[in-house]
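Comments concern the structure below.
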Amino acid sequence: MLIEKIMWGYEFTMLIEKIMWEYEFTMLIEKIIREYEFTMLIEKIIREYEFTNLIKKIEDFNQCIIY
């Protein structure tokens, strides 16, 4: 009876540790996804900035041609 209680307590402890490890792993995956999305957002902002600069350069060039 005592050994069964000890074994059950050990199995319960292992179950809790497994749940915590899976939770931490899930949080790690979510963090990686958020960082990836943030990186993609920064890259998108940079591309839009570069595109805006390109448009401005074209407009400036057109102004030079007109005058």
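The values are calculated or read from the model by the stated rules, or taken from the named source; none is laboratory data. The structure displayed is predicted, hence computed values, not measured ones. Counting neighbours? That spans all protein chains shown, and the Cβs are built from the backbone with ideal geometry, glycine included. Keep in mind that these areas ignore ligands, DNA and RNA; they rest on the heavy atoms of the full protein, side chains included. Shrake-Rupley method; radii C 1.70, N 1.55, O 1.52, S 1.80 Å.
Values for this structure:
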| item | result |
| --- | --- |
| Contour minus Cα-Cα distance for residue 17 and residue 52 (0.36 nm per residue) | 7.4 nm |
| Principal-axis tilt of helix 2-66 within the chain, Cα atoms, nearest 10 degrees | 0 degrees |
| Positive-pole candidate from 55, 1, 33, dipole of the chain, charges at beta carbon | 55 |
| Accessible area in square angstrom per residue, the chain, 1.4 angstrom probe | 102 Å² |
| Carbon and sulfur %, accessible surface of the chain computed with the full protein complex present, 1.4 Å | 70 percent |
| At q = 0.13, 0.21 Å⁻¹, base-10 log of I(q)/I(0) for region 1-66 (Debye sum, equal scatterers on each alpha carbon) | -0.65, -0.88 |
| Nearest-10 value in Å² for the accessible area of residue 17, using the 1.4 Å probe | 100 Å² |
| Residue-count net charge about residue 40 - beta-carbon cut-off 14 Å; Lys, Arg +1, Asp, Glu -1 | -1 |
